[in-house]
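The values are calculated or read from the model by the stated rules, or taken from the named source; none is laboratory data. As the structure is a prediction and not an experimental result, all values here were calculated from the model. Positions of Cβ are backbone-derived with ideal geometry, glycine not excepted, and every protein chain shown enters the neighbour counts.
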Amino acid sequence: MNSNDPYYRRIDLPAGDLHVFAHDDLFHAMGAKVLEMANNNLQIPNIRYMSYTPDAHVGVGTCIGTTAVWGTENGFVSPSIVGSDIGCGMRVHLTNLQAHELQDVKLRRKLVKAIEKRIPVENHARGYFSDIRLEDVLRKGLHGLPGKYVPDMYTPRKATSLTHVECSRFRFDESELDRIPEQVWHRAHRQLGTLGNGNHFIEIQALSINEENRHIAERWGLRDGQVAVMIHSGSRAWGGAVNQMCSSQVVKTMSRLGLGTADPKLTYAPLDSEAGRTYTNLMYSALNFAVANRHLMAFAVRDAFKETLGSKAELTTLYDLMHNYACEESHGDEPLFIHRKGTTRALPAGHSGNPEPYRDTGHPALIPGSMGTASYLMAGLPGGARNYHSICHGAGRVRSRNATKQLVTLDEFASSLRIGQEDEIVLNHRALEALIDESPQAYKDVDQIIESVVQARLAAVVARCRPLAAVKGV
DNA sequence: ATGTAC
């Protein structure tokens, strides 16, 4: 162990070093299992770096909150590090409305209903968009969508939907798509523009700017009290199928090469192997699906705002980025293969990896809170370089879904959403029981997580987002 | 997380 910085520690595990960016109290609350999992992950050959963010908690094979880095030369790719919701991530749109314009509970209800009409949240429901070629989306991401769904594509401001994203298209060997069975194609096509369930959500929020970073907020076009829309979703059944299919191929490769750790659920293969290449290619198709899926939902939300509040209502893209993925990135002059499982990239001002509109400020890093609590818009700091520019991805679970259902009563849950009061966080349906496992008590305090990220000098808060209404899947 | 699952 190490220095006297209460927000960072290097832990000397038998298999290698683990870097933890969390306040001592958060670190001690993580438990022994997260270290055992890190030690397994550090046994994967040629690993260069592994770290936890303050929201780290136990996941399958690898903790959620992990950054794991290999070189591209002798690197490895791990389906279980990426996780099953490949491409899961966040998108935020800014509206030209102020929070007081949504003060009326009935208006918020009407808006939520209008969203629900376009984004079905029931399991198995078909998406609102039927004229999209799935193959185009998988191959080309946002560039595979018909022009009418990219409303600002031809404006003089130049394609904000396509430039205000972490990645609008991943290129890969498209012949690998043939490996996916017809039934999965069919299911995925129906699911375009759908939210999914669990921690996924669409929230209508009100911004408050952090004074210290008002200059960045202004550059991003943020105002105090401004209404924003935050979307949290992933690659739905497509990514799930890719994960499942490729994992079994990777497991075969592992036994052929004599690889493995104490945890059979930790799967990995050399980047330069058939199984590794197939997974990487198909993972990229899922990242393309996920970004297009979030884009389509934002399009539907924009339509719902216009129907409810008049055609003058407008939504512009702030940013779209992921927190479950692996890809090549240059750090310094070196090409690396970075896995982020429940971690968000936050590049600082001036970094060449920023899209052009955010070159001078750093791009927005979008951090969701738990239901009924605040979310955050952050900007990376230069100090984040020592963690490959990874920050947290949200609050992080402290209780299993079942344990939460045992602990939290319906009344407690309802009062955490201020149901029945004037400032109620309007929910899309009355089946509160079905969502108890998503209550704030299931999660760490997001404010504490953010504090750790800020104190570790990884990123700074630009704005806090207070929820006004939420759409959840069931 | 996922049209869940020995």
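Assorted remarks:
- For the range A:391-404, the criterion of a residue being out of contact with any strand residue (DSSP E or B) (no Cβ under 6 Å at 6 or more places or on another chain), crowded, with 16+ Cβ neighbours inside 10 Å, among the charged types (D, E, K, R) and outside any strand (DSSP E or B) is satisfied by at least one position.
- Restricting the range A:405-420 to residues that are among the hydroxyl-bearing types (Ser, Thr, Tyr) and in a helix (DSSP H, G or I), the residue that is farthest from A:LEU468 (Cα to Cα): A:SER415
- Number of residues in the range A:273-309 that are among the small types (Gly, Ala, Ser), without any contact (Cβ under 8 Å) to a residue 60 or more places away in the chain and part of a helix (DSSP H, G or I): the value is 1.
- Some residue of the range A:222-231 being crowded, with 23+ Cβ neighbours inside 10 Å, in a helix (DSSP H, G or I) and either more than 22 Å from the chain's Cα centre (by Cα) or not polar (S, T, N, Q) (or both): no
- So A:TYR388, is it closer than 17 Å to A:PHE201 by Cβ, in contact with a strand residue (DSSP E or B) (Cβ under 9 Å, 6 or more places away or on another chain) and away from DNA strand B (no atom under 16 Å from the Cβ): no
- You will find that of A:GLU212, A:GLU176, A:GLU166, the residue that is modelled with pLDDT of 95 or more, crowded, with 22+ Cβ neighbours inside 10 Å and acidic (Asp, Glu) is A:GLU166 and no other.
- Every pair of residues 6+ apart whose Cβ atoms lie under 6 Å, when the first sits in the range A:420-438 and is under 17 Å from A:ILE119 (Cα atoms) and within 16 Å of DNA strand B (Cβ to nearest atom) while the second is assigned to a strand (DSSP E or B) and not aromatic (Phe, Trp, Tyr): A:LEU427/A:ALA470; A:ASN428/A:VAL471
- Subset of the range A:439-474 (residues that are within 16 Å of DNA strand B (Cβ to nearest atom) and either without any contact (Cβ under 8 Å) to a residue 40 or more places away in the chain or outside any helix (DSSP H, G or I) (or both)): A:SER439, A:TYR443, A:LYS444, A:ALA470, A:VAL471, A:LYS472, A:GLY473, A:VAL474
- Residue within the range A:207-230 that is touching a Cys at 6+ places or on another chain (Cβ under 7 Å) and within 16 Å of DNA strand B (Cβ to nearest atom) present: yes
- Criterion applied to A:ARG108, A:ARG139, A:ARG126, A:ARG133 was being within 16 Å of DNA strand B (Cβ to nearest atom) and of a type in the set (D, E, K, R), and the one residue passing it is A:ARG126.
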